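Okay, so here's the structure we're looking at.
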Amino acid sequence: MSRVVTFGEIMVRIATPGFARFQQSMPGSVNVTFAGAEASIAASLAYLGIDAAFVTALPDHAIADACVADLRSLGVETKHILRTPEGRLGIYFLEHGANQRGGNVIYDRDGSAVAVTPASAYDWDAIFSGCEWFVISGITPAISRNAAEVALIAVKEAARRKIKVVCDMNYRTKLWRWEPSLSARELATRTMKTILPHVTVFVGGISDATAMLGIDFNGELKALAQQIVAEFPNLTHAAFTLRDGSTSAAQCFSGALYEVATDTLHTVPAYTITQIIDRLGAGDAFTAGLVFSFLQTSTAPAAISFATAAGCLAHSIEGDYNYSTRTEIEAVMHGDGGGRVSR
């Protein structure tokens, strides 16, 4: 079976219960899980039966032990996770949005182990042994100068071994601040333009593409994709998550996949989601669904259909991980999305 490796930061996720605000919940009870874009992608792939490994650096203490055990319980390979005396375990706090009130994320991840561990600490030969796909996101290089350097070396090491590289852009304006002389957007653009030449598949929302690459969007998605692949000719595909929402609870979610070889943009009709349980991780589920489909040698239309259905289902599950089976995703993909009870 083909092996997929993902690299990035995993954190403690502390979420308020239901739709409570931070001040309503603290002090008091909160929901604690683990989360991170690349870890979420690895978890989704492992849940789909793929040989998926997650690589990061974590402090050597009991909470990080619990984090690793949680990943292992889902079938994620963790043997290349470094345990280090330097750095901490990052945290993010989540307040779910409701109706016209948007959600809110507060990051507490400065000085995390993965942010300070140098690239030389990772055994890239062992990490990439038997690997066919490597996945990274635009979040990892946002957390520190060192993490940006590690991310660049990682994609170069993967590309040197002819491993296909997926980059899920994930622009996080709150994180890009490790070079104070530049704005978040300027720093993101400068950094990601060094990483993307080594990437095979671009994944992102329209706002990710325009913010991080400085490309103007005129309403034509195919033209946007063509601009991206023209600037980064190593790309074979450019995938987009598309959402349009009237409130925090009601969203239309869709996807599109541009195939360079045929100069074709493949689209999927939007799913109308009227009761979002948790939207965080939906993009990760989409990316995992896309990689899964490529591993199955699916056609581009089938790949974007599966990825979009996976992202749709992730909205129904609390937490960042998408606990959706292939059968469930394919049922939604083929039109069985009525939410009937399976008896």
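The values are calculated or read from the model by the stated rules, or taken from the named source; none is laboratory data. Everything numeric here is computed off the predicted structure, so don't read it as measured data. Note: ideal-geometry Cβ built from the backbone for every residue, glycine included; neighbour counts use all protein chains shown. The area values use the complete protein model at the heavy-atom level, side chains included, leaving out ligands, DNA and RNA. Shrake-Rupley method; radii C 1.70, N 1.55, O 1.52, S 1.80 Å.
Scan the stretch 202-246 for residues that are more than 17 Å from Ala307 (Cβ to Cβ), in contact (Cβ under 8 Å) with a residue 24 or more places away in the chain and either in a strand (DSSP E or B) or touching a Cys at 6+ places or on another chain (Cβ under 6 Å) (or both) and the total you get is 1. Taking the stretch 45-94 as the range and being open to solvent by less than 40 Å² (accessible area, probe 1.4 Å) and part of a helix (DSSP H, G or I) as the test, the residues that pass are Leu45, Ala46, Ala64, Cys67, Val68, Leu71. Would you confirm, using the coordinates I've provided, whether Thr297 is more than 16 Å from the chain's Cα centre (by Cα) and on the phi > 0 side of the Ramachandran plot? Judged against the criteria, Thr297 is a match.
Only one of the listed residues (Ala35, Ala57) is touching a residue at least 40 places away in the same chain (Cβ under 8 Å) and either under 30 Å from Asn99 (Cβ atoms) or among the acidic types (Asp, Glu) (or both). That residue is Ala35. Looking only at the stretch 278-305, residues that are without any contact (Cβ under 8 Å) to a residue 40 or more places away in the chain, within 14 Å of Glu132 (Cα to Cα) and among the β-branched types (Val, Ile, Thr) come to 1 in all.
Residue by residue, here is whether (1) open to solvent by 20 Å² or more (accessible area, probe 1.4 Å); (2) among the aliphatic types (A, V, I, L, M); (3) without any contact (Cβ under 8 Å) to a residue 40 or more places away in the chain holds:
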| residue | (1), (2), (3) |
| --- | --- |
| His96 | yes, no, no |
| Ala115 | no, yes, no |
| Pro118 | yes, no, yes |
| Ala151 | no, yes, no |
| Glu157 | yes, no, yes |
| Cys167 | no, no, yes |
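If we scan the stretch 43-51, do we find a residue that is over 16 Å from Phe134 (Cβ atoms), out of contact with any Asp or Glu (no Cβ under 8 Å at 6 or more places or on another chain), touching a residue at least 60 places away in the same chain (Cβ under 8 Å) and not hydrophobic (A, V, I, L, M, F, W, C)? There is at least one residue in the stretch 43-51 that is over 16 Å from Phe134 (Cβ atoms), out of contact with any Asp or Glu (no Cβ under 8 Å at 6 or more places or on another chain), touching a residue at least 60 places away in the same chain (Cβ under 8 Å) and not hydrophobic (A, V, I, L, M, F, W, C). Pick from the stretch 247-275 the residues that are of a type in the set (Ser, Thr, Tyr) and outside any strand (DSSP E or B): which of them is nearest to the chain's Cα centre (by Cα)? Checked the stretch 247-275; the qualifying residue nearest to the chain's Cα centre (by Cα) is Ser248. The single condition among (1) open to solvent by 40 Å² or more (accessible area, probe 1.4 Å); (2) within 20 Å of the chain's Cα centre (by Cα) that Asp123 does not meet is (2). Exactly one residue out of Ala256, Ala238, Ala188 is open to solvent by less than 50 Å² (accessible area, probe 1.4 Å), in contact with a His (Cβ under 9 Å, 6 or more places away or on another chain) and at pLDDT 95 or above, and it is Ala256.
Every condition in (1) open to solvent by 70 Å² or more (accessible area, probe 1.4 Å); (2) assigned to a loop (DSSP other than H, G, I, E, B); (3) among the acidic types (Asp, Glu) holds for Asp278 except the one numbered (1).
Inside the stretch 12-36, can you point out the residues that are open to solvent by less than 10 Å² (accessible area, probe 1.4 Å) and in contact with a strand residue (DSSP E or B) (Cβ under 7 Å, 6 or more places away or on another chain)?
Result: Arg13, Ala15, Thr16, Ala35, Gly36.
Considering (1) of a type in the set (D, E, K, R); (2) more than 16 Å from Val166 (Cβ to Cβ); (3) open to solvent by less than 50 Å² (accessible area, probe 1.4 Å), the lone condition that Arg243 does not fulfil carries the number (3).
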